[in-house]
Every structure is written in structure tokens, then in C-alpha cells.
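Chemist: First, the structure itself, so that you have it in front of you.
The values are calculated or read from the model by the stated rules, or taken from the named source; none is laboratory data. In this text, all values refer to a predicted model and were calculated from it rather than measured experimentally. No Cβ is skipped: glycine too gets one built from the backbone with ideal geometry, and neighbour counts run over all protein chains shown. SASA here: full protein model, heavy atoms, side chains in, ligands and nucleic acids out. Shrake-Rupley method; radii C 1.70, N 1.55, O 1.52, S 1.80 Å.
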Amino acid sequence: MKLLLFDIDGTLIMTHGVGMRGLKEAMREMVGTSQIRDLFSFAGLTDQVIAERILLQLGKSQEEATALVPELFRRYLVYLRRFLAEADHLEVLPGVRELLSRLEVDPEFGLALGTGNIEQGARLKLEQVDLNRYFPVGGFGSDARQRSELLQVGVDRARKHYQTHFSRVWVVGDTPHDIRAGREIGASVLAVASGFASRESLAAEQPDLLLDNLVDVEGVVAALE
Ligand SMILES: [Mg+2]
């Protein structure tokens, strides 16, 4: 059996800012401002790292930031749930539903998540578009600050869940962070240019496979074999 670890934002779905809006509201409540300077892209980073970086930008010390994060996430989840329910522009990316349905019934493949979202946030987002059922387990931003570590947690949980050793592990993601983290755990990487990074920036990281989207379901499955 091969294991596929899927990233969420930019790979499976686009929330078009709902997640960041939730974080900003929580931030405004806690520190009185939601002025977040867009100095770098948060895409591909874990929620923990994103939250700490924003708090540092707002003048908090690293110690203060680390202490604020648990309460920040508690509030973030309240807003995320509300904003997701209100959102009329959540998008499941092209080919995703078809590919997951195809893989789900194929005994050659096991499915799991490998995402920087904290677990409850990940599950809220996927619940809203009915994709949770494909992913019995995963590694999440609530498991580790570094992406490679949470991917490894995902592999370990999947091994227990599927009761098998995987002949190959694929990481499926949309940013250079996914590619590098996948490499670090010895996985193969399928990069999809459907999200937050350009095809060129993904190509520069030399993923094993680089696609514009997941529309060609049988082509994707064949390439993963
Ligand atoms: Mg992503």
C-alpha cells in the first residue's frame, strides 16, 4: 500500500481568506489590532508558526507570543466555524473530489492529511465541503511547529490505522514548504500548482511530479503507482 498525505489549503480546497479572517478576528480580540503586515507569505507554514510570527510583528516577545497562542487558537476556532458557515465561496479544487473517490476504493492507496492547520481547524474546513470522510488520520499543525515533523506524525498514525508498512509515501502539496518537508521525511512529492505557489517556484524544488491540477484522475493515479 502507498500512503498519500494531502495538504489542505491550496491543494484540496481554497477558503479564499476565511482562515486568515478567523485568525485576524481572534488576534484583534486578544491584542487589540488585526493590522497584519504582509511581509511574507504564510502559505505552507504551520498555524503555530503563523500565529507566532504575527504576534512578533505586533511587538510581542517570543515568550509572550508562545503563551498567547493557545487562547488565540481557541478564539480562532470560534470565528473559523462562524465564517466557514457564512462563506459562500469555499472551493474544492478541480479534480479533488473525483480523485479522492477513486483512491478511497483502491486497496493500493491509503489516505491521510499532512497539514499545517491545527487539527480542529482542518476538520472544520473539510467538514464544510464534506471531505473529512476520506481522511481517517493525519498529521496537523497542532502536532508540531515544523512541517516535516507533522508529516512524520501523519505517517506514524496512518501506519497504525492502516495496519501496514507503506511501500511508498507521497506528500501532495501546493508550496515549496510541502516539497522540502516531504523530502525531509524521505517521501516522494506531488506538487500541484493550484494554490499559493507558482509552477516555476515549485519546479525549482524539483518535486517528483508537478501538475497544474488534479483533473486527470487516471493520469494522477497511474503516476503515483
Ligand atoms: Mg497548502
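Chemist: Assess whether Ala223 counts as being of a type in the set (Gly, Ala, Ser) and either away from the ligand (no atom under 16 Å from the Cβ) or surrounded by fewer than 17 Cβ atoms within 10 Å (Cβ to Cβ) (or both). If you could, list the steps in order and put the result at the bottom.
Modeler: Values: of a type in the set (Gly, Ala, Ser): yes; either away from the ligand (no atom under 16 Å from the Cβ) or surrounded by fewer than 17 Cβ atoms within 10 Å (Cβ to Cβ) (or both): yes.
In short, yes.
Chemist: Might you let me know whether region 126-145 holds any residue that is open to solvent by 20 Å² or more (accessible area, probe 1.4 Å), within 12 Å of the chain's Cα centre (by Cα), over 15 Å from Ile185 (Cα atoms) and not assigned by TED's automatic domain parsing to the domain that holds Arg53?
Modeler: Initial filter on region 126-145 (open to solvent by 20 Å² or more (accessible area, probe 1.4 Å)): 127-128, 130, 132-133, 136-137, 142-143, 145.
In the following step, the residues that additionally are within 12 Å of the chain's Cα centre (by Cα) were identified as 142.
Filter again for over 15 Å from Ile185 (Cα atoms), leaving 142.
Filter once more, keeping what is not assigned by TED's automatic domain parsing to the domain that holds Arg53: 142.
Looking for residues that are open to solvent by 20 Å² or more (accessible area, probe 1.4 Å), within 12 Å of the chain's Cα centre (by Cα), over 15 Å from Ile185 (Cα atoms) and not assigned by TED's automatic domain parsing to the domain that holds Arg53, one finds at least one in region 126-145, hence yes.
Chemist: Does region 195-208 hold any residues that are under 20 Å from Leu151 (Cβ atoms), modelled with pLDDT of 95 or more and either part of a loop (DSSP other than H, G, I, E, B) or more than 16 Å from the ligand (Cβ to nearest atom) (or both), and which are they?
Modeler: Scanning region 195-208 gives Glu205, Gln206, Pro207, Asp208.
Chemist: Looking only at region 57-99, count how many residues are in contact with a Lys or Arg (Cβ under 9 Å, 6 or more places away or on another chain) and under 30 Å from Ser188 (Cα atoms).
Modeler: 1
Chemist: Inside region 140-153, can you point out the residues that are out of contact with any Phe, Trp or Tyr (no Cβ under 7 Å at 6 or more places or on another chain) and within 14 Å of the ligand (Cβ to nearest atom)?
Modeler: Narrowing region 140-153 to residues out of contact with any Phe, Trp or Tyr (no Cβ under 7 Å at 6 or more places or on another chain): 140-149, 151-153.
Correct list: Phe140, Gly141, Arg147, Leu151.
Chemist: Output the number of residues of region 182-204 satisfying the condition of being hydrophobic (A, V, I, L, M, F, W, C) and out of contact with any Lys or Arg (no Cβ under 9 Å at 6 or more places or on another chain). Before the answer, list the steps.
Modeler: Taking region 182-204 first, the residues hydrophobic (A, V, I, L, M, F, W, C) are 185, 187, 189-193, 196-197, 202-204.
After this cut, where a residue has to be out of contact with any Lys or Arg (no Cβ under 9 Å at 6 or more places or on another chain) as well, the list is 185, 190, 192, 196-197, 202-204.
Number of matching residues: 8.
Chemist: Considering every residue within region 154-161, establish whether at least one is in the same structural domain as Glu98 (by TED's automatic domain parsing), open to solvent by 60 Å² or more (accessible area, probe 1.4 Å) and touching a helix residue (DSSP H, G or I) at 6+ places or on another chain (Cβ under 8 Å).
Modeler: no
Chemist: When the residues of region 4-36 are narrowed to those that are away from the ligand (no atom under 16 Å from the Cβ) and assigned to a loop (DSSP other than H, G, I, E, B), which ends up farthest from Gly116 (Cα to Cα)? Full working, then the answer.
Modeler: If we filter region 4-36 for residues that are away from the ligand (no atom under 16 Å from the Cβ), which is where we start, we get 21-22, 24-36.
From the residues that got through so far, the ones that are assigned to a loop (DSSP other than H, G, I, E, B) too are 32-36.
Values: Gly32: 25, Thr33: 24, Ser34: 21, Gln35: 22, Ile36: 19 Å.
Looking at residues that are away from the ligand (no atom under 16 Å from the Cβ) and assigned to a loop (DSSP other than H, G, I, E, B), I get Gly32.
Chemist: For region 44-121, please list each of the helices (runs of 4 or more DSSP H) lying entirely inside it that holds at least 3 residues being over 16 Å from the mean Cα position of the chain (by Cα) and farther than 30 Å from Arg159 by Cα. Don't jump to the end; show me each part of the working.
Modeler: Values: elements: 47-57, 62-86, 96-104.
Because the criterion is at least 3 residues that are over 16 Å from the mean Cα position of the chain (by Cα) and farther than 30 Å from Arg159 by Cα, the helices (runs of 4 or more DSSP H) in region 44-121 that meet it are 47-57, 62-86.
Chemist: Next question, about the same structure. If you scan region 209-220, which residues turn out to be assigned to a strand (DSSP E or B) and exposed (fewer than 15 other Cβ atoms within 10 Å of the Cβ)? Steps first, answer last, please.
Modeler: Going residue by residue through region 209-220, those that are assigned to a strand (DSSP E or B) are 209-211.
Hit for region 209-220 is Leu209, nothing else.
Chemist: Of all the residues that make up region 185-194, how many are more than 11 Å from the ligand (Cβ to nearest atom) and either closer than 18 Å to Ala112 by Cα or outside the structural domain of Gly139 (by TED's automatic domain parsing) (or both)? Steps first, answer last, please.
Modeler: Residues of region 185-194 that are more than 11 Å from the ligand (Cβ to nearest atom), as a first pass: 185-190, 193.
Checking the rest, the ones that are also either closer than 18 Å to Ala112 by Cα or outside the structural domain of Gly139 (by TED's automatic domain parsing) (or both) come to 185-190.
Residues in region 185-194 being more than 11 Å from the ligand (Cβ to nearest atom) and either closer than 18 Å to Ala112 by Cα or outside the structural domain of Gly139 (by TED's automatic domain parsing) (or both): 6 in total.
Chemist: Taking Ala193 as the residue in question, decide whether it is under 15 Å from the mean Cα position of the chain (by Cα) and open to solvent by 20 Å² or more (accessible area, probe 1.4 Å). Give the derivation first.
Modeler: Values: under 15 Å from the mean Cα position of the chain (by Cα): yes; open to solvent by 20 Å² or more (accessible area, probe 1.4 Å): yes.
Taking the combined requirement at face value, the residue satisfies it.
Chemist: Now, a different point. Is region 164-176 home to any residue that is within 16 Å of the ligand (Cβ to nearest atom), assigned to a loop (DSSP other than H, G, I, E, B), at pLDDT below 95 and open to solvent by 10 Å² or more (accessible area, probe 1.4 Å)?
Modeler: Looking for residues that are within 16 Å of the ligand (Cβ to nearest atom), assigned to a loop (DSSP other than H, G, I, E, B), at pLDDT below 95 and open to solvent by 10 Å² or more (accessible area, probe 1.4 Å), one finds none in region 164-176, hence no.
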